[in-house]
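Here's the structure, in structure tokens; my notes come after.
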Amino acid sequence: MLRVATYNIHDCIGRDGKYSPERIADVILEMQVDVVALQEITLDHPGELVNWLEKTTGMLAVDGTLFDRGVGRYGNVLLSRYGVHEQRLHDLSYSVSEPRGVIDTLLMIDGHPLRVLATHMGLTSPERSDQISRLADLLSVDLHPTVLLGDFNVWLIMRPFAKLRHLGFMYTGIRTFPTWPFPVLALDRIFVRAPVVIKRCSRHHSPNSSIASDHFPVVADMEITK
């Protein structure tokens, strides 16, 4: 059984306005995950945040940042308890919108390859449509078991995911945003394609996760079937 999660950490700024990487690390440790995708993370302040997360969680980090917003490199990070056999970063930026990208890795799980991708989609419908199309192109040329994690910023209709469904992906729809007063939007999702099967999936709701960010994480237990 493999446990994965996706978590928009809101730059480690909690619902109380306090900057606290410690709370984010506590949430990650609570979930007892093997792999977690983090969105909205500034890597360089205050002092090598990603290195600190690696030491605190005991996981290896893959840097998925694309730009510097003045206070440090900003974007996505993938943390994994498994060794990263291959890693790439694809640019999904659209027009003049904030740069976006997808981390694309190949992990070895007990000797078996698993492709794991992590992303954070844009805020407008045309931007997301373009990004999902390019993501579908990336996913159409690889037959490895695949997991896709991220904040997709899609909440009202499922039509944007049609191209991913056509490629055989199933996905979660758990409400994760906002953490207060209660979650109403399913922004954060986990996609899998057979032979990967989700056995259990839930919103990780705890005292820490209720205040550490404006998003709750989604966590899933999955198997790679034969």
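The values are calculated or read from the model by the stated rules, or taken from the named source; none is laboratory data. Note that the structure is predicted; figures quoted are calculated from it, not measured. Positions of Cβ are backbone-derived with ideal geometry, glycine not excepted, and every protein chain shown enters the neighbour counts. These accessible areas exclude ligands, DNA and RNA; they are computed on the full protein's heavy atoms, side chains included. Shrake-Rupley method; radii C 1.70, N 1.55, O 1.52, S 1.80 Å.
How much of the accessible area of the chain, in percent, comes from carbon and sulfur atoms when a 1.4 Å probe is used?
That fraction is 55 percent.
Once you charge only the Cβ atoms, +1 for Lys and Arg and -1 for Asp and Glu, what is the size of the charge dipole of the stretch 125-169 about its Cα centre, to the nearest 20 debye?
Rounded to the nearest 20 debye, it is 180 debye.
Which one of His166, His215, His204 has the biggest mean-square fluctuation once the chain is modelled by GNM with Cα springs under 10 Å?
Evaluated over the chain, the most mobile residue of the options is His166.
Can you tell which of Asp137, Asp110, Asp26 shows the greatest fluctuation in a Gaussian network model of the chain with Cα springs below 10 Å?
In this elastic network of the chain, the residue with the biggest mean-square fluctuation among Asp137, Asp110, Asp26 is Asp110.
For the chain, what is the calculated [θ] at 222 nm in deg cm²/dmol (nearest 500), taking -39500 (n - 2.57) for each run of four or more DSSP H residues and dividing by its residue count?
Using -39500 (n - 2.57) per qualifying helix, the result is -5500 deg cm²/dmol.
In whole Å, how far is the Cα centre of the stretch 76-95 from that of the stretch 171-226?
The stretch 76-95 and the stretch 171-226 have Cα centres spaced 19 Å from each other.
Please report the net charge: other residues with Cβ closer than 13 Å to the Cβ of Val4, K and R +1, D and E -1.
Overall, the nearby charge balance is +2.
Please report, in debye to the nearest 20, how large the charge dipole of the stretch 91-226 is about its Cα centre when each Lys and Arg carries +1 at its beta carbon and each Asp and Glu carries -1 there.
500
Which one, Ile198, Ile28, Asn8, is farthest towards the positive end of the dipole of the chain when Lys and Arg carry +1 and Asp and Glu -1 on their Cβ?
My answer, from the dipole projection, is Ile198.
Keeping all protein chains in place, calculate the accessible area per residue for the chain (probe 1.4 angstrom), answer in Å².
Ligands and nucleic acids excluded, the figure is 45 Å² per residue.
Based on the alpha carbons, how large is the Rg to Rh ratio for the chain when Rh follows Kirkwood? Can you show the working numbers first?
On the way: Rg = 16.1 Å, Rh = 17.3 Å.
Looking at the chain, the ratio lands at 0.93.
Would you kindly compute the Cα radius of gyration of the stretch 92-179 and its largest Cα-Cα separation (Dmax), both in Å?
13.6, 42
Based on DSSP, what percent of beta bridges with both residues in the stretch 74-180 are antiparallel, to the nearest 5?
DSSP beta bridges in the stretch 74-180 are roughly 70 percent antiparallel.
Counting DSSP beta bridges with both partners in the chain, what percentage is antiparallel, nearest 5?
85
Put Asp63, Asp151 in order of accessible area, largest first, 1.4 Å probe: what do you get?
Asp63, Asp151
Report, ordered by chain and residue number, the aspartates and glutamates lying within cross-link reach of Lys163, taken as a straight Cα distance under 20 Å and ignoring same-chain residues fewer than 8 apart.
In chain and number order, the partners are Asp91, Asp104, Glu127, Asp130, Asp137, Asp142, Asp151, Asp188.
How high is the relative contact order of the stretch 97-137? Use alpha-carbon pairs under 8 Å, at least six apart in sequence, and give a whole percent.
It rounds to 32 percent for the stretch 97-137.
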